[in-house]
Each structure stands twice: as C-alpha cells, then as structure tokens.
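Heads up, the thing below is written out as structure tokens.
The values are calculated or read from the model by the stated rules, or taken from the named source; none is laboratory data. What you are looking at is a predicted structure, and each value in this text was computed from that prediction instead of being measured. Cβ atoms come from the backbone with ideal geometry, glycine included; neighbour counts cover every protein chain shown. Each accessible area value is taken on the protein alone, full model and side chains, heavy atoms only, with ligands, DNA and RNA left out. Shrake-Rupley method; radii C 1.70, N 1.55, O 1.52, S 1.80 Å.
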Amino acid sequence: MELLASHLTSKLPFIIGITGHRDILTNNADAVNDNSAELKSTIRATLLHWHHQLNSVAKLNTTSVNERQIVTPIWLMSGLAEGADLLSIEVALELQVELGCEAIKIIGCLPMPLINFEQDFQPNSNSYHQLKKMVSALQKNGNELLEIKHSLVDSDYQIAIDDLDYGDLRNSLYLNQGLFIAKYANVLVALWDGCDANGCGGTADIVKYKLGMEVHWPDNTENLSLKAVSEFDGQIAGLVHHLFVKRGSVTNNISPLLLTDHPQSDALAHLTPKVGELYAYSYAGNENALTDFISTEFIQLLSELRFYNSYSASESIDVANTFTAPDVDNGLSISNPIFTLADDLALIGQQKYRKLIKLFFWFAIVGFACYELAGNLVNSEEGSWVILVTLLSIIACWRVIRYAGKKELKWKYQLSRGVAEAMRIRGFLNLSNIPPSGEPIIPRRYRSHLPLFNHAIAITEIDWWRSSADKNLDEIRDTWIGDQRSFLQSRLQLGAKNLVELLYKRPLYAALLCSSFSKKCFILAIGLGAILLCSMLAQQIFNFSTLNDANNMLMMIVQYSLMVGGVVALWSELFGYESTASGYSSMEELYARAQSLLKGDMTSAKELMLLALAREAMFEHVNWSSSESNNDIKNRN
C-alpha cells in the first residue's frame, strides 16, 4: 500500500534483529546462494508474521478489499555476513518495495570499517557481489550502515581489523556486533542449527545472550555498554524466534543447546508463528519464573506499541514539523522526530483531557447545586424541575466518565508524555556521552507495566551508538540541568498571572490554594453547623419558632460550604496538584545539587552522578504516571 511521505519515520519502531550462520544448507543440501528461494520464503514469512502482529486490519477507502493499515514500522538490524545476514537484508529490501520504504528500515551493522570487513569475502565471488549490492541499497531510502562501537584500545583494534586468521581480537568485534543486535532487538530471529558455538562470536553466543545465558568475551575485550542485564531483571522485553537450519560445516562434536527442553510460555501461545519457535528468557531452565515474566512483558510491549502508534496516527499532526532540527543539541539524531511527535501528542492529549475535566465539573457543579436545593423544594413544581436537572447532571457526568474510559484520553496523554520524557532524559545522557548501562534507568517494579518507556529509551540509546558527543560540561549544565531547573522553578512559583496559569502551570500554588480554600469551607460548615445545632436546640427547649427562616438559611450555607469544599478538593485530586508539586520539588533539589557539582572536567564520578540523576528523574515520572492513573476520571464511579 502507498504511504504518505514521512508517515512512519516519526513513529516508535519495533526492532527485529537477525543472527545466523554463514554456511546454511537448503533441503537439497546445497550451500545457500542468491537463488535460495526456500530460505528466503521462510525469512519473508517470519518478517510478515511480526508485521501482522503490529498492524491492524482496517477497511481503507482505496479499494474494495481489506488492507492492513501500517502504523508501526519495523527496524531490521542485521550484520552483513554471507548467508543468513545478506539473505535477510535482501528479503527486507523486497518487502520495502511492497510495503513502502518507511514501513521497514534496514540497519546494516558492521563490526569494523567496511574496507576491512570485505576481507571476509573472496574477491569476485557471488557473496562478495551480493555484499556490494546490499551496501549500495542500504545507502538509499532511509536505510543505514552503522559501524558498532567497540572497547578495544587502538593498538588491539588495529591488530583485530588486519587479522585474517580470525584470532580472539577480531572475533571479539563480531561478538560485539552480534550482541549489539541482540541487546536492542525486540525479537531476535536466529537462523541457527541449535548447537553451541565452536569459538567466539558465533550465532549461538548471540542467542545465549538474548536468552540470559552466560557469554564469554576474550580477555580484555568486553564492551561494558553491552553488559547483560542482571539475572534479577532478565533481558528487556525480548524473544528469540528460532528458525532451524542445517549448516554446511560439520558440527557433530559440538553439543546442542536443546532449546526444545525449554517449553514456550503460555503467554506466547497466541503469537505462535507458522514457521519457527519462540523462546523467552531460559537461563535457569524450565522452572525459571523470568520466562513468564519476560513473555508477559513482551505481550504488554506489543499492546502499548500498537496503542501508542495508532493514537499518533489518529491525530492530525503535521509530521513534517517533527523533522525540524532542535534549537539546541538534545543528544538525539535519528530518534528526534519520534521524540518531537511524542511531545506534540502529549500536549494534545493533555489539552483534550483538561477539556473533559472541565466539562465534567460543569455538570457536577450543576448537579450538586440542584441536589442541595432539592431537599427544600420537595412536593413542589419547582422541586420537580430541580430533581430533573439533578438527574440529567448525574447522567451527563456518567456519560463523561464512560467517554473518558472509552477514549482513554489520560492514558494516551500519560503514554505520550512518558515516551517523550524517557527519550529526553536518555538524550541528555547521549549528549553527555554516557554509554548504556546494564542497569535499567526505569525502576524494576515498573518494568512490566510500562515497557514502552524502556523501549523508547532503547531507541534513543541507539543514537549514542551512531555518534560520539563531546563531554562539554558547560553545555550539559545549561541545556539539561539549567533548563530543567528553570522549568521546575517556574512550576513551583507561589503566584500566577491569571486563572489558566494557576490551574495548569502552578501545581504547588494551586495545591496550597485548593487545600486552604477547602479547609476554610469545611471549617465554615462546622462552625455554622454548630450554631445551627444550638439554634435548633434553643427552639425545642424554649418552644418558639421565630428562627426557622434563619435556620433554613444556615442549613443551606452549611450544605453549599461542604459542596464547594468537596468540589475544590476533588478538582485538586483529579489534577494531582500535590503529587506533582512534591515530585517537582524533590527533582529541583537534585538538579540544583548536580548543577553545583558539574564543574571542571568530566570524570567517572560525574558520569555516575548524571546516570543516577537520570534514574531519579525517570523514577519521578513513572511514579507520577502511576499516581495519575489512579486519579483518572474514568475511575470515578
């Protein structure tokens, strides 16, 4: 189907990684070559399986047949080795023609400069010509060639790229590239014979890493940016899609990993592909609770990714604006359009939800006011009208609540804001040239509920691998710390120019005013209630009725004082003034401390401080998201 220009470039992608053998055999036992239609058909079916899982079927106003509406693009990450890698890229390029260039972006990953990598191929061989053809294609249509950063010192790196005997140093670069793909792949497609590796950097090592098994680096070569997530966490929302293949080389003496001993999680049953098998975290065998945890997290990620991208497709946003370069460097490159769209979506969602809240309160205030009057107008014509208006107000409020639940306005706003903030925070770490860490930025307890935030961070981390930023502390202090402090301080001001600014941009001031006003209303109600009680007791004791009218007036004031105080308290709760102000206040204190310490040259201690600051900022945001979910109007019964 034809796509609008730049329709998908600003959407959050789903990442499929490729790993596999160079010497795959077909069923006819012939070494794989450019005409291996059967294997290409298997790869095509695998890619389309995940494409179908991501994109819903919708009736489009183009033809009379149902077509699949593409809202979630796929990023295919693959090496460029002979065999599985180049075949997968070839299939993906064919799918680009069918689905549109932006429906699938191909990222060819190189372990070393291309000129050195080409030494893996025989000159003028079919595979060499296929490599040159794929490299040329990856330089067009938004595709990408990415040389993966390594951790070798310069002298060892030079030895590695010149080594044609494939010693440990050169093999560590292949392992480095493969683990990069495995780390960021939501699904790692493995064209693999199921046997353990016979050396370093083979397909088995990449699969084992994704499944949480131990992988051994050659001495002094480990890249800490690819350090595995701890066993306590497991890998982040990722599966292995195993496509069994046979190899041309003899592997009889290598023990198989026997993945068939690890049953699939029941949570993945509805994702079962037509070809291949799915596996989640398998480190400790069949009884590992992380297998189901990772499987459930993956299902949640698919759900949130579909929901978020469908929401972004439903809003009328000029995506061309998302490609405008930011005024200041924010540490983002390819992911900047994704961040800009998320930020725009959050503002739109926030505005729509606020309008809904105001509508709810207009109906609620009318209903409360009529309800308080109804008791004094029973058995009168006016009372009938008042009761009718009260009932209509209740129905209107119920309809607003139902609409909020159906449209999920606050969830859309929260999800978009979370994606934007996750990318903003990781972008500042990119700007600081702080590498990815094995410890997730988002607290563990929120992982299974908000995997899309982790995914957004991963997408932004890939920008760190694309380029090396200078560690300019002045720029970091001004563009990250300084701007964030200015924003937080503006939100914590105890004053406002107008009502709109008070209600929406001054949570601390609004919280204090709402609390004070509600408290005064309740005190007034208690005081007048006590006077009313004394008046009524006096009438009963001394048997007179001259205060009836005054008592009725006092009762009405008590009722309306309680009503107004309750409405203001409910408004404050629904907007989360207190929790928001508390989070802003604690973050402002942390940013102030960090700003005072960011002086001189960048050191490892300062890197750790910035990483800790990022975790604190993300914790405040996900904690806010959790509390705001509880305050959603759809939860008001």
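Given the peptides 208-215, 343-350, arrange them by the average over their residues of other C-beta atoms within 10 Å, most packed first. Spell out each step's value before the answer.
Numbers: 208-215: 21.2, 343-350: 19.4.
With the highest mean Cβ count within 10 Å placed first, the list reads 208-215, 343-350.
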If you count, for each residue, the other Cβ atoms within 10 Å and average over each peptide, how do 528-538, 577-587 line up from highest to lowest?
577-587, 528-538
Average accessible area per residue (Å²) across the chain - probe 1.4 Å, nucleic acids and ligands excluded:
46 Å²
Principal axis extents for the chain, Cα atoms only, whole Å, descending order, please.
113, 65, 49
Alpha carbons only, please: Rg and Dmax for the range 478-565, in angstrom.
22.0, 76
Between Ala550 and Leu494, what is the label-point separation in nm under the 7 Å Cα-to-beta-carbon projection?
3.9 nm
Using a 1.4 angstrom probe on heavy atoms only, work out the carbon and sulfur share of the accessible area of the chain in %.
55 percent
Each label sits 7 Å from Cα toward the beta-carbon; between Trp398 and Gln69 the label points are separated, in nm, by 3.1 nm
Would you mind checking the pairs Lys149/Lys606; Lys105/Lys227; Lys352/Lys520; Lys183/Lys246; Lys497/Lys520 and listing those with alpha carbons more than 28 angstrom apart?
Lys352/Lys520
Debye sum, Cα scatterers, the range 399-442, no solvent: what log₁₀ I/I(0) at q = 0.20, 0.27, 0.29 1/Å?
-0.69, -0.93, -0.99
